[in-house]
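Report on one structure; see the data block that follows.
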Amino acid sequence: MRREIALLLGLALTLSPLTGCVRERRERTIRVGVTLYQQEDTFISALAQSLQQKALEEERIRGIKMNLSMMDGWGSQAVQTEQIDRFLDKGCDVICVNLVDRTAASTIIDKAHAAQVPIIFFNREPIREDLDRWDRAYYVGSHAAQAGELQGELVARAWRESSERMDRNGDGVLQYVMLEGEPGHQDALLRTEYSIKTLTEAGITVEKLANDAGDWQRGKASVLMTQWLQTYGDQIEVVFSNNDDMALGAIDACLEAGRSKEDLPFVVGVDATRPALEAVREGTLQGTVHNDADGQAESILSLICALAEGREPEKAVLLEGGTYVWLNHTVVTRENVDEIRSERRAAPILKALETGK
Ligand code: GAL
Ligand code: CA
């Protein structure tokens, strides 16, 4: 059932031909256990890949050795908890947890506390009372409400600028459907709430035709959208999606139902994954909100190193209340999509990973 995804990132430092330096002896190994709620999730796999790349970079630059053991929780809290037990048994210096079940945090924090191993949660946010159980439990993520607000602003701006195109039935009311992430996930709850709140606070009248949980998945969202197209057809003016994969699923359903690319409803997502950026460029996805996977990976890595080396985490990352590291979101539309793309392409370590060097 379990699959160990990877990877010992213990690359030897290469010789510098210019200085003729001898191979540097590794003084220190940092052992890190990382467990993902579901490795095949598009955003999570981008974040995990970024973390691996940055760990390689850190090894190269600082001449330390990082043993990053990354596991897939396969969507099962029981499986994930067992992985955490193993990380603690193996003597990891730090563990990083992308929880399957947000409500399982307290037990896991207590285990880490007992073993005196600092724990960094990311992307799936435990409740504050759980994080408060121990002062060496941290969370790295982005403000869910902010993603919703920015998505709402994106749609509000488009509605103001081209309501004659978006308001298909010309009644002055924005008819929408909402594709939600997993029930109970902070990003599903708050993105849903704040996207719509932003529109209504901007004075736009909205009407919800349908909503349902597509659990972040393209296939599930496509099934839901197919049903909604059968029931509401042309009445659907805007598709709000809590993430990009589901937004792409909605677009798949429209195209499969025979809609042309020019005749799609106004579809918006969150994440700015690679396939979503392609769709923004193509004009099928009208916009998304950049969920900074690279920034999150970078903060996680800085925290790992500080904690493992006994440095003050406050000096390594911007730490709110001694516990939280927050990354900002930005809106992505056709106008700025190339900036986001080139930013990613510029990542220096990408090449090394691709060639396996
Ligand atoms: C969200 C992201 C989703 C999904 C989810 C998993 O932040 O937008 O696409 O990856 O996290 O927890
Ligand atoms: Ca309308």
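Can F43 be described as among the aromatic types (F, W, Y), more than 16 Å from Q296 (Cα to Cα) and away from ligand 2 (no atom under 16 Å from the Cβ)?
Taking the combined requirement at face value, the residue does not satisfy it.
Out of all the residues in the stretch 212-240, which are under 14 Å from T192 (Cβ atoms) and surrounded by fewer than 15 Cβ atoms within 10 Å (Cβ to Cβ)?
None - no residue of the stretch 212-240 is under 14 Å from T192 (Cβ atoms) and surrounded by fewer than 15 Cβ atoms within 10 Å (Cβ to Cβ), so the list stays empty.
Across the stretch 256-294, which residue is nearest to ligand 1 (Cβ to nearest atom) among those that are loosely packed, with under 14 Cβ neighbours inside 10 Å and free of Cβ contacts under 8 Å to residues at least 40 places away in the same chain?
Filtering first and then ranking leaves E282.
If you take the residues of the stretch 336-355 that are modelled with pLDDT under 95 and assigned to a loop (DSSP other than H, G, I, E, B), which of them is surrounded by the most Cβ atoms within 10 Å (Cβ to Cβ)?
My answer is I349.
Scan the stretch 248-294 for residues that are in a strand (DSSP E or B) and either within 20 Å of Q175 (Cβ to Cβ) or not β-branched (V, I, T) (or both) and report the count.
Counting residues in the stretch 248-294 that are in a strand (DSSP E or B) and either within 20 Å of Q175 (Cβ to Cβ) or not β-branched (V, I, T) (or both) gives 6.
Scan the stretch 36-50 and report the pairs whose first residue is over 13 Å from F122 (Cα atoms) and whose second residue is of a type in the set (S, T, Y), with Cβ atoms within less than 7 Å and a gap of 6+ or a chain change.
So the pair list comes out as Q39/S45; T42/T273; A46/T273.
Considering only the stretch 113-130, I want to know if a residue exists there that is assigned to a strand (DSSP E or B), more than 16 Å from ligand 1 (Cβ to nearest atom), of a type in the set (F, W, Y) and buried (at least 18 other Cβ atoms within 10 Å of the Cβ).
Looking for residues that are assigned to a strand (DSSP E or B), more than 16 Å from ligand 1 (Cβ to nearest atom), of a type in the set (F, W, Y) and buried (at least 18 other Cβ atoms within 10 Å of the Cβ), one finds none in the stretch 113-130, hence no.
Out of the residues in the stretch 161-208 meeting the condition of being surrounded by 15 or more Cβ atoms within 10 Å (Cβ to Cβ) and within 11 Å of ligand 2 (Cβ to nearest atom), tell me which one is nearest to V100 (Cα to Cα).
By that ranking, first place goes to Y176.
Please determine, by comparing only the residues of the stretch 214-247 that are assigned to a helix (DSSP H, G or I) and among the acidic types (D, E), which one is farthest from G283 (Cα to Cα).
For the stretch 214-247, the residue satisfying everything is D234.
Starting from residues that are in a strand (DSSP E or B) and hydrophobic (A, V, I, L, M, F, W, C), keep the ones in the stretch 136-155 and report whichever is farthest from ligand 2 (Cβ to nearest atom).
Among those that are in a strand (DSSP E or B) and hydrophobic (A, V, I, L, M, F, W, C), it is A137.
Let's see how each residue does on (1) within 16 Å of ligand 2 (Cβ to nearest atom); (2) touching a Phe, Trp or Tyr at 6+ places or on another chain (Cβ under 6 Å); (3) part of a loop (DSSP other than H, G, I, E, B); (4) without any contact (Cβ under 8 Å) to a residue 40 or more places away in the chain:
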| residue | (1), (2), (3), (4) |
| --- | --- |
| N67 | no, no, no, no |
| A78 | no, no, no, yes |
| I84 | no, no, no, no |
| I109 | no, yes, no, yes |
| W134 | no, no, yes, yes |
| R157 | no, no, no, yes |
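How many residues does the stretch 198-219 hold that are touching a strand residue (DSSP E or B) at 6+ places or on another chain (Cβ under 8 Å) and either of a type outside the set (G, A, S) or farther than 26 Å from R157 by Cβ (or both)?
Selection size over the stretch 198-219: 11.
Could you tell me whether the stretch 53-64 includes any residue that is within 18 Å of I120 (Cβ to Cβ), within 15 Å of ligand 1 (Cβ to nearest atom) and either part of a helix (DSSP H, G or I) or modelled with pLDDT under 95 (or both)?
There is no residue in the stretch 53-64 that is within 18 Å of I120 (Cβ to Cβ), within 15 Å of ligand 1 (Cβ to nearest atom) and either part of a helix (DSSP H, G or I) or modelled with pLDDT under 95 (or both).
Can you pull out every residue in the stretch 173-213 that is of a type outside the set (D, E, K, R), farther than 30 Å from F122 by Cα and assigned to a helix (DSSP H, G or I)?
Taking the stretch 173-213 first, the residues of a type outside the set (D, E, K, R) are 173-179, 181, 183-186, 188-190, 192, 194-196, 198-200, 202-206, 209-211, 213.
If we keep only those that are farther than 30 Å from F122 by Cα as well, we get 173-176, 200, 202-206, 209-210.
Of everything in the stretch 173-213, just one residue is of a type outside the set (D, E, K, R), farther than 30 Å from F122 by Cα and assigned to a helix (DSSP H, G or I), namely T200.
Quick check: is even one residue across the stretch 149-162 acidic (D, E) and in contact with a Lys or Arg (Cβ under 7 Å, 6 or more places away or on another chain)?
No, the stretch 149-162 has no match at all.
The values are calculated or read from the model by the stated rules, or taken from the named source; none is laboratory data. Note that the structure is a prediction, hence the values are computed from the model and not measured. Note that we place each Cβ from the backbone using ideal geometry, even for glycine, and neighbour counts take in every protein chain shown.
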